[in-house]
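To start, the structure itself, in C-alpha cells.
Every number in this text was worked out from the coordinates using simple rules, so none of it is lab data. As the structure is a computational prediction, the values presented were derived from the model and not from experiment. Counting neighbours? That spans all protein chains shown, and the Cβs are built from the backbone with ideal geometry, glycine included.
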Amino acid sequence: MVGQRRAREGRPAGLIPPLVLTALLLLVPFALDSFRQQLAAKYLCFAFPAVALVLVWGYGGILSLGQGLYFGMGSYFMAMFLKLEAAAQDNTGSALSQFYGSSLPDFMVWNSVEALPWWWRPFHSFSFTILAILVIPSLIAFLLAYANFRKRVGGVYFSIITLALAAIASIVIIGQQGYTGGVNGITDFKTFLGVDILSDIVKRQLYFLTVFALLLATLAARFVLQSRTGKILVAIRDREDRVRFSGYNPATFKAFVFAAGAFLSAVGGALFTMQEGLASPSLVGIVPSIEMVIYAAVGGRLSLTGAIAGTLLVFSAKTFFSEHVPEIWLFLLGTFFLLVVVFLPSGLAGLCEKLVRAEWRSRIGARRSAPASEKVGRGLGVSSPP
C-alpha cells in the first residue's frame with residue numbers, strides 16, 4: 001500500500017519537468033529576437049532524435065549510430081515538396097518547363113536533367129509527402145531491425161550497421177547531384193502551401209508548431225514507456241533470454257521501438273527543413289548521427305525531458321563557444337563533452353534525480369526524528385509545545 005501511495009504521489013511530480021520546460025519554450029519567442037528564435041527552433045528539431053534515442057537506446061538497449069539517416073529522410077521528403085512548389089512558381093524557369101513538359105527544380109536544370117524523376121513526382125502532393133514522412137522511414141527501420149534481430153544480430157554489430165547505412169546514404173546523396181542537389185543539398189524554398197515561409201510571423205508560428213509537436217512526441221513516448229510494451233522493452237534490455245523463454249518474441253518489440261525512433265527522427269527532420277529552409281547531406285551522415293547520441297547522453301538517456309534539455313544545452317554551448325572563442329571553440333566543446341561523460345554518466349537528469357533523492361531523504365529523516373524526540377520529552381514529563 002505504501003509503494004502504491006508513493007507511486008500515485010510521484011506521477012503528478014513526474015509531470016512537473018515537462019510542463020516547466022514547455023512553459024519556458026513557449027516564452028522563448030517573446031524573450032529573444034528573430035535570429036535567436038530561429039536558432040532555438042533549430043535546436044528543438046534536433047531534440048526529436050534525442051527523444052527517439054531515449055526510447056531506442058535508453059529503454060530498448062539498442063545503440064543506434066544512424067539516426068541521422070531517418071532525420072535526413074524526413075528532411076529531404078519535405079524539401080522535395082517545397083522545391084517542387086517553388087519550381088512551379090518560378091517564372092524564370094517557365095521556358096524550360098514548357099520545353100520539358102514539367103517544372104524542374106533549378107539544380108536539375110543546372111545538371112542537364114531533362115525530365116522530373118518518377119520518384120519525385122508524387123511529392124507534388126502534400127498528402128503523399130506527409131504520408132511518406134510518417135511511413136517510409138518507420139517501415140524501413142522496422143524491416144531493417146527485424147531482419148537483424150530475428151537473426152539475433154545485436155549489440156555493437158547492429159550499431160555498426162546503422163552507422164554504415166548513414167554513411168552510405170550521405171555518399172549516395174552527394175554522388176547523385178542531379179537528383180538530390182549533391183553536397184549543396186536542396187534549398188531556396190519560397191512558400192509552404194502558398195504561405196510565405198520566410199516571413200517572421202510564419203517562422204514564429206512554425207516555432208510554436210515545433211514545440212507542440214515535440215510535446216506530443218514526448219507524451220507519446222512516455223505513454224509507450226509506461227505501457228506493457230515499455231515494461232517488456234526494459235526486460236528485454238536487461239535479460240533478453242528470460243523474455244524469450246517467457247514466450248515473447250524480442251525481435252518484434254525491438255523492431256517496434258526502433259521504428260518508433262525513426263518516426264520521431266523523421267518528424268524532426270521535416271520540421272527542420274521548414275524552419276531552416278534546407279535539406280543537406282550534412283544532416284544524414286556519421287557526424288550528425290553521433291552528435292544525436294551525445295544529445296541524449298548529456299541530458300540522460302533514461303529521461304525524455306533530459307534529452308530535450310541536453311540538446312538545448314549542447315547547441316547553446318556550441319553557439320556560445322563559436323561566437324566568443326571561434327579559434328578554440330571545438331576544443332572547448334570536446335572538453336565539455338568529456339567532463340559530462342566522466343562526471344555525469346547519467347546525464348543532467350541523473351544529477352537532478354540525485355539532488356531530489358538527497359532532499360527527499362533529508363525530509364524523511366527529519367520527520368522520523370521528530371516523533372522520537374517527542375516521545376523522549378513525554379517520558380521525562382516535558383509537554384510538547386502547542
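Can you find, within region 284-327, the residue that is farthest from Val20 (Cα to Cα) among those that are part of a loop (DSSP other than H, G, I, E, B) and in contact with a helix residue (DSSP H, G or I) (Cβ under 8 Å, 6 or more places away or on another chain)? Step by step, filter region 284-327, then rank; the result is Gly285. Of the residues making up region 196-218, just one is among the aliphatic types (A, V, I, L, M), exposed (fewer than 13 other Cβ atoms within 10 Å of the Cβ) and either touching a helix residue (DSSP H, G or I) at 6+ places or on another chain (Cβ under 6 Å) or outside any helix (DSSP H, G or I) (or both), namely Leu198. Restricting region 241-260 to residues that are without any contact (Cβ under 8 Å) to a residue 12 or more places away in the chain and either buried (at least 19 other Cβ atoms within 10 Å of the Cβ) or part of a helix (DSSP H, G or I) (or both), which is farthest from the chain's Cα centre (by Cα)? Checking each candidate, the answer is Phe245. Figure legend. Inter-residue proximity from region 221-234: first residues without any contact (Cβ under 8 Å) to a residue 60 or more places away in the chain, second residues in a helix (DSSP H, G or I), beta-carbon distance below 9 Å, spacing 6+ or different chains. Indicated pairs: Phe223/Gly230; Thr229/Phe253; Thr229/Phe256; Thr229/Val257; Lys231/Leu225; Ile232/Val243; Ile232/Pro250; Ile232/Phe253. Of the residues making up region 106-152, just one is free of Cβ contacts under 8 Å to residues at least 24 places away in the same chain, among the small types (Gly, Ala, Ser), more than 13 Å from Ala259 (Cα to Cα) and in a helix (DSSP H, G or I), namely Ser127. For region 182-239, what are the residues that are within 12 Å of Gln275 (Cα to Cα) and of a type in the set (Gly, Ala, Ser)? Once the filter is applied, which keeps residues that are within 12 Å of Gln275 (Cα to Cα) and of a type in the set (Gly, Ala, Ser), region 182-239 yields only Ser199.
Being within 23 Å of the chain's Cα centre (by Cα), under 16 Å from Ala262 (Cα atoms) and surrounded by fewer than 17 Cβ atoms within 10 Å (Cβ to Cβ): is that true of Ile160 here? So Ile160 fails the test.
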